[in-house]
Amino acid sequence: MPDPLEGAGLAVDVQDVSKRYGRRWALAHVSLQLRPGDSLLLTGHNGSGKTTLLKVLSTTIAPSLGAVKVFGSDAKVDREAIRRRVALLSHANYLYEDLSAEQNLRLLARLLGDDAQAQVPTLLDKVGLKARAAHAVREFSAGMRKRLAVARLLLKRPQLALLDEPFGELDPAGIAQMEGIIRDLKTGGTTLVLATHLVEQGQALCSRRLHLSEGRVAQQ
Amino acid sequence: MNILRGAWVILAKDMLIEWRTRARLNALLFFSLATLFLFSFAGSSDTSLLRQNAAGYLWLAVLFASVLSMGESFRIESENSALDGLRLAPADPRSIYLGKAWGNAILLWTLAVVLVPFMIVLYDVSLTMGLPRLLGTLALGALAISAPGTIHASIASNARARDVLLPVLLFPLLVPALLSAVRATALVIEGDPMDQLTSWVRLLIVFNVIYWGLGFALFPRVIED
């Protein structure tokens with residue numbers, strides 16, 4: 001029977017990807033296809049390969065074996081095309097400690113182009129950091145850093161959002177706000193890959209699930 | 001995004017961080033001043049000998065400070081994986097190289113300029129060929145240290161012994177640049193009756209062209225996986 005996804009305009013097409021760190025295989029023969037607008041919940045124990053898979057999809061790291069295409073662009077050939085359409089919310093927040101919240105966002109906006117500048121105040125307001133916009137990130141709590149990292153992700157208006165433990169470090173109000181943001185992304189047609197240990201919350205937000213165990217797909 | 005525009009954004013970011021903290025410039029200034037003082041104490045009490053070696057002492061102070069400066073410029077990129085954030089923005093790796101290397105060169109040039117009055121007082125020298133020529137020589141020397149220094153600082157930033165690795169990698173490469181910068185600066189100080197300055201400046205320019213070209217071409221490979 002032919003693969004129904006074959007030939008379709010896939011958002012994510014991962015073919016037999018493996019990633020090795022030293023002697024350890026963090027990912028082993030993982031394949032995955034997502035259509036535009038799909039939302040995938042990525043689950044697994046610590047060290048199961050969730051973060052590695054998200055980094056491979058974002059082109060932060062290159063796979064040791066296998067092929068990755070995002071919106072038709074090959075990760076080996078055209079990383080920049082992928083990076084323009086993808087945003088990663090990671091454990092590392094990519095923030096400069098000595099810049100203010102607003103300066104961090106304006107830096108990214110300058111790299112993205114003039115249109116993004118106008119969004120900065122709106123996004124600071126959206127993540128509840130408007131009053132602290134001029135404060136250095138160094139003064140922020142872990143939860144505030146996470147909110148700013150979310151604003152950074154939204155500024156990119158990604159077509160594929162990769163969210164690694166998006167609820168971590170957030171208080172209950174922050175978690176509720178994050179759920180709202182993820183729903184808005186879905187409604188806007190953004191393809192989502194969400195890695196979390198909070199399976200119930202994740203399942204409420206995603207239509208598909210992929211469980212990783214020791215770098216391999218254990219359940220799909 | 002245009003490579004030069006991206007480089008300008010990265011440079012402006014580095015200058016803004018420097019301005020907000022001023023930690024790096026202050027530390028470098030005190031470190032280099034201490035180095036200049038130590039050379040004057042450790043060297044001969046003969047003022048003519050100190051005067052003769054003044055250019056060398058100035059450039060050694062700048063060279064030692066450059067290791068701290070360039071290491072620090074990549075420490076802020078390692079914190080929170082900010083460099084990955086720039087890569088994923090996406091900023092062209094060549095823009096990142098140019099922006100950071102320009103920033104390092106500006107900082108080293110500023111440092112060298114600030115050290116000049118102290119060199120004049122400590123080593124009793126005069127600028128026989130004038131200040132503009134000295135500023136130009138200092139600029140070429142700062143650019144020559146920064147071009148290979150930036151790429152090696154990015155390599156060393158991922159290593160465990162990064163503080164040791166950077167000078168070990170960088171100093172041997174910089175011998176021709178250091179030699180040219182010291183000789184050119186010495187001629188600006190002492191005068192140039194044999195018209196040798198042009199040759200040393202040309203050597204510095206050639207060094208700059210080679211290493212800025214190499215850095216521009218190789219940096220993407222250094223920071224990608």
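Over the residues of the protein assembly as shown, compute the C-alpha Rg and express it relative to 2.2 N^0.38 Å.
Its radius of gyration relative to the 2.2 N^0.38 Å reference: 1.16.
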Response to the item:
When chain B is treated as a Gaussian network with springs between alpha carbons less than 10 Å apart, the largest mean-square fluctuation among B:LEU16, B:LEU33, B:LEU197 is found at B:LEU16
Item to complete: Would you calculate a helix-derived [θ] at 222 nm for the protein assembly as shown, using -39,500 (n - 2.57) for each DSSP H run of n ≥ 4 and dividing by the full residue count, to the nearest 500?
Response: -20000 deg cm²/dmol
Practice prompt. Positive end of the charge dipole of segment B:2-222 (Lys, Arg +1 and Asp, Glu -1 on Cβ, about the Cα centre): tell me which of B:LEU179, B:LEU28, B:LEU134 has its Cα farthest that way.
Written response: B:LEU28
Discussion item. Using Cα springs under 10 Å in a Gaussian network model of chain A, which residue among A:SER100, A:SER58, A:SER90 shows the largest mean-square fluctuation?
Written reply: A:SER100
Worksheet item: How much length is gained if the chain between A:THR187 and A:GLU200 is pulled fully straight, taking 0.36 nm per residue apart and subtracting their Cα-Cα distance, in nm to one decimal?
Response: 2.7 nm
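Taking R0 as 22 Å, what's the FRET efficiency between B:VAL222 and B:PHE31 from their Cβ-Cβ distance, rounded to 0.05?
0.25
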Fill in: Alpha carbon Rg of segment A:154-220, scaled by the compact-globule rule 2.2 N^0.38 Å
1.14
Worksheet item: If you take the charge dipole of the protein assembly as shown about its Cα centre, with +1 on Lys and Arg Cβ and -1 on Asp and Glu Cβ, which of A:ALA204, A:THR122, B:ILE17 is farthest toward its positive end?
Response: A:ALA204
Fill in: Charge tally in the Cβ shell below 14 Å around B:ALA153, where Lys, Arg are +1 and Asp, Glu are -1, B:ALA153 excluded
0
Fill in: Cα pair distances in segment B:179-225, grouped into 5 Å bins until the bin that holds the longest one, percent each
5, 21, 20, 14, 11, 10, 8, 6, 4, 1, 0
Worksheet item: Using alpha carbon coordinates only, what is the Rg to Rh ratio of segment B:2-222, with Rh defined as the Kirkwood radius?
Response: 0.99
Discussion item. Shape verdict for segment A:76-180, please, from the Cα gyration tensor: rounded (a/c under 1.5), prolate (a/b greater than b/c) or oblate.
Written reply: oblate
Worksheet entry | Dipole magnitude (debye, nearest 20) for segment B:83-173, charges at Cβ of Lys, Arg, Asp, Glu | 180 debye
Worksheet item: Can you give the % of DSSP beta bridges in chain A that are antiparallel, to the nearest 5?
Response: 50 percent
Response to the item:
Rounded to whole angstrom, the alpha-carbon centroid of segment A:150-181 lies from that of segment B:105-119 at a distance of 45 Å
Worksheet, complete the sentence: To the nearest 10 degrees, the tilt of helix B:93-123 (Cα long axis) against the first principal axis of the alpha carbons of chain B is 20 degrees
Worksheet entry | Lys, Arg +1 and Asp, Glu -1 on Cβ, resulting dipole of segment B:117-225 about Cα centre, debye, nearest 20 | 200 debye
Worksheet item: Of all DSSP beta bridges in the protein assembly as shown, what percent run antiparallel (nearest 5)?
Response: 50 percent
Worksheet, complete the sentence: Taking R0 as 22 Å and r as the Cβ-Cβ distance between A:GLU80 and A:SER141, the FRET efficiency 1/(1 + (r/R0)^6), rounded to the nearest 0.05, comes to 0.05
Fill in: Check: chain A dipole with +1 on Lys, Arg Cβ and -1 on Asp, Glu Cβ, in debye
320 debye
Worksheet item: With springs only between Cα atoms under 10 Å, which of A:GLY168, A:GLY22, A:GLY188 fluctuates most in a Gaussian network model of chain A?
Response: A:GLY22
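Provide the FRET efficiency to the nearest 0.05 for the A:ARG216-A:ASP125 pair, computing r from the beta carbons and using R0 = 56 Å.
0.85
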Discussion item. Between 0 and 90 degrees, rounded to the nearest ten: what's the tilt of helix B:3-21 against the longest Cα principal axis of chain B?
Written reply: 70 degrees
Fill in: Spatially proximal lysines relative to A:LYS76 (Cα-Cα < 16 Å; intrachain offsets below 8 disregarded)
A:LYS19, A:LYS55
Practice prompt. Find which of A:ALA81, B:GLY191, B:PHE219 sits farthest along the positive direction of the dipole of the protein assembly as shown, computed with +1 on the beta-carbon of Lys and Arg, -1 on that of Asp and Glu, about the Cα centre.
Written response: A:ALA81
Worksheet entry | Theoretical gain in end-to-end length, B:SER48 to B:MET15 [0.36 nm per residue, Cα-Cα removed] | 8.0 nm
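Just so you know, all these numbers are worked out from the coordinates, no wet-lab data involved. Here the structure is a predicted model, which means the values were calculated and not measured. Glycine also receives a Cβ, built like all others from the backbone with ideal geometry; neighbour counts cover every protein chain displayed.
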